[in-house]
Amino acid sequence: MTVPTYPDLAGKVVVVTGGSRGIGAATCRLFAKNGAKVAVNGRDEAAIADVVQSIRGEGGEAIGVAADCTRFEAIERMRAQVEQEIGPTDVLAAFVGGGGRPKPTEQIDERSGALSWTPTSSPHSSRCGVSCPA
């Protein structure tokens with residue numbers, strides 16, 4: 001498989017919710033192959049560890065963060081851990097979270113019981129369901 005290359009992702013901090021399986025795990029691996037520092041999120045710690053190990057085994061940088069993205073306090077704990085271990089979030093790829101119909105991340109709050117995240121580090125961060133560098 002040919003891996004798409006995006007040199008502007010090198011060194012960026014990427015959080016992938018639902019990153020322990022399926023399309024989320026594949027997304028983690030592709031971000032890592034492009035030089036991003038990846039935070040793999042999910043609820044199954046063994047599955048998270050498998051993705052992190054596969055990324056590190058190919059020379060990438062990744063951490064695992066178990067958190068239920070339908071719980072605001074879990075999201076806040078995840079945000080703090082990511083910032084402490086690999087830096088402030090530049091890109092958020094949200095594959096889980098619940099909360100009904102999709103809408104921009106900036107319009108979701110903790111009262112809805114859904115994903116609530118505001119990238120803090122970069123003027124290149126956008127605030128949408130899957131945030132990407134500008």
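The values are calculated or read from the model by the stated rules, or taken from the named source; none is laboratory data. Note that this is a predicted model, so its numbers are computed, not measured. Cβ coordinates were reconstructed from backbone atoms using ideal geometry, including for glycine residues, and neighbour counts include every protein chain displayed.
Tell me which residues, restricted to region 50-92, are under 19 Å from Leu9 (Cβ atoms), charged (D, E, K, R) and either modelled with pLDDT under 95 or surrounded by fewer than 21 Cβ atoms within 10 Å (Cβ to Cβ) (or both).
Result: Arg56, Glu58, Glu61, Glu83, Glu85.
Taking region 14-28, which residues are part of a helix (DSSP H, G or I) and aliphatic (A, V, I, L, M)?
Within region 14-28, Ile23, Ala25, Ala26 qualify.
Which residues, counting only those in region 37-91, are out of contact with any His (no Cβ under 9 Å at 6 or more places or on another chain), part of a loop (DSSP other than H, G, I, E, B), in contact (Cβ under 8 Å) with a residue 12 or more places away in the chain and of a type outside the set (Ser, Thr, Tyr)?
Scanning region 37-91 gives Arg43, Asp44, Glu58, Gly60, Ala67, Asp68, Cys69, Arg71, Ile86, Gly87, Pro88.
If Arg21 meets every condition in (1) among the basic types (Lys, Arg); (2) in contact with a strand residue (DSSP E or B) (Cβ under 9 Å, 6 or more places away or on another chain); (3) farther than 22 Å from Pro4 by Cβ apart from one, which number is that one?
Answer for Arg21: the failing condition is (3).
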